[in-house]
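Have a look at the structure below, then the notes.
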Amino acid sequence: MMWRGLLEEYKSYLPVNEKTPMLSLQEGNTPLLPLKNLSEKLDIDLHVKYDGANPTGSFKDRGMVMAVAKAKEAGSEAIMCASTGNTSAAAAAYAAQANMRCLIVIPEGKIAMGKLAQAVVYGAEIFSIEGNFDNALQMVRSLAEQSPITLVNSVNPYRIEGQKTAAFEICDALGAAPDVLSIPVGNAGNITAYWKGFSEYHAEKGTGLPQMRGFEAEGAAAIVKNKVIDSPETVATAIRIGNPASWDKAVKAAEESAGKIDYVTDEEIVDAYKLLAREEGVFAEPASAASIAGLRKQLATGEIKKGSRVVAVLTGNGLKDPNTAIDTAPVKPVALPNEESVVIDHMLGRVKQ
Ligand code: F0G
């Protein structure tokens, strides 16, 4: 049967009523992909939740379909968010479907190209500030207090409701929760949502609870370092956040599940990013690779046990950030003239490159 999107498929778990507009871009139902080569290499049973397969290429669609539907239901005419890129792409897409205005505030020069392209094409009103995500979030939170524009960052509880469905899908696909859930952490909404989802499903169906292992980027590791970072920096621009809004909830998820919030370096992120692509044919954006980098780190320390069943969340599609792909790859195309013999000589390795 055709997948009808999250609001319809999970309506009994979501704040959906007869007045809720059933928006859908057929988000959700994303692959839970077993990674055979890496499982063997790392001596664990590894799957990835490939949320880059969502309609706008990230997990944000899960939360945004819910948040925009509730905004529309309440009679709001406009939504707004601060974003490192993916939230704004998803907000702009669902606002377009719902015929609402969408205002986004982004940190100038720190948005991956694909994400900016999406916001532009979907018709968002884009404000690019000389500050970072944390500054932008502060601004839209202030504006939300003075205007009827609905804030759709993950401080909006409907975002968390929508995003918790990913945990349901994982339990349904595996028959139970995994031993470990490995997930990147930026503003800490998604780890909060997953923990809520696993907890609710367990209460209803006895599916068990995973250890929640969340990974910040080292240059933006506010939670791990237990201090606000005024100038966060990382190659993983999606999680370039120094004062996560759901900080406490992330700590709580880790504590309650006997997991941990940890960090990974940019080098570890880029290594994991390439490893995923080259060993498994899976292209995820750099922030997503923090989940793979993190589990490698904690396998080495023994915090994650060999033989564990691990699900790593791949939050965004690799095509979102083409520049990082090109910049971190040592391999460049070999430029050749349009001459068959020359091309074939190169292809057969007869010419040293
Ligand atoms: N991975 C990707 C690809 C993201 O875009 C984000 C957050 C995260 C992980 C972290 O999720 O914030 O819930 O802990 N992106 C937000 C945005 C901040 O604006 O697109 P989180």
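Remarks
- So Ala117, is it under 24 Å from Val235 (Cβ atoms), more than 14 Å from the ligand (Cβ to nearest atom) and either part of a helix (DSSP H, G or I) or at pLDDT 95 or above (or both): yes
- Checking each residue of the range 44-62 against the condition of being surrounded by fewer than 15 Cβ atoms within 10 Å (Cβ to Cβ), over 20 Å from Thr315 (Cβ atoms) and either in contact (Cβ under 8 Å) with a residue 12 or more places away in the chain or not assigned by the TED database to the domain that holds Ala203 (or both) gives no match.
- Test: Leu276 is out of contact with any Ser or Thr (no Cβ under 7 Å at 6 or more places or on another chain) and assigned to a helix (DSSP H, G or I): yes
- Residue in the range 68-83 that is part of a loop (DSSP other than H, G, I, E, B) and assigned by the TED database to the domain that holds Thr165 present: no
- For the range 41-49, the criterion of a residue being within 14 Å of the ligand (Cβ to nearest atom), in contact with a helix residue (DSSP H, G or I) (Cβ under 9 Å, 6 or more places away or on another chain) and at pLDDT 95 or above is satisfied by at least one position.
- Note on the range 193-249: residues that are farther than 23 Å from Tyr13 by Cα, of a type in the set (Asp, Glu) and surrounded by fewer than 24 Cβ atoms within 10 Å (Cβ to Cβ) amount to 4.
- Filter result for Ile104 (surrounded by 24 or more Cβ atoms within 10 Å (Cβ to Cβ) and not in a loop (DSSP other than H, G, I, E, B)): yes
- Tally of residues being at positive phi and near the ligand (Cβ under 9 Å from one of its atoms) across the range 64-112: 1
- Screening the range 120-137 for residues that are surrounded by 15 or more Cβ atoms within 10 Å (Cβ to Cβ) and part of a helix (DSSP H, G or I) and picking the one that is nearest to the ligand (Cβ to nearest atom) gives Phe133.
- When the range 271-307 is filtered for residues that are away from the ligand (no atom under 16 Å from the Cβ) and either touching a helix residue (DSSP H, G or I) at 6+ places or on another chain (Cβ under 9 Å) or among the acidic types (Asp, Glu) (or both), the ones remaining, listed by number, are Asp271, Lys274, Leu275, Glu279, Glu280, Arg296, Lys297, Leu299, Glu303, Ile304, Lys305, Lys306.
- Of the residues making up the range 2-46, those that are over 22 Å from Met66 (Cβ atoms) and of a type in the set (A, V, I, L, M, F, W, C) are Leu33, Leu35, Leu38, Leu42, Ile44, Leu46.
Here is a yes/no grid of residues against (1) touching an Asp or Glu at 6+ places or on another chain (Cβ under 9 Å); (2) assigned to a loop (DSSP other than H, G, I, E, B); (3) β-branched (Val, Ile, Thr); (4) free of Cβ contacts under 8 Å to residues at least 12 places away in the same chain:
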residue: Asn153; (1), (2), (3), (4): no, yes, no, no
residue: Phe168; (1), (2), (3), (4): yes, no, no, no
residue: Ile183; (1), (2), (3), (4): no, no, yes, no
residue: Tyr194; (1), (2), (3), (4): no, no, no, no
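- Subset tally (residues that are in a loop (DSSP other than H, G, I, E, B), closer than 28 Å to Tyr273 by Cα and not basic (Lys, Arg)) for the range 324-348: 6
The values are calculated or read from the model by the stated rules, or taken from the named source; none is laboratory data. None of the values given here were measured: they were computed from a predicted structure. Heads up, the Cβs are rebuilt from the backbone with ideal geometry, glycines too, and the neighbour counts pull from every protein chain shown.
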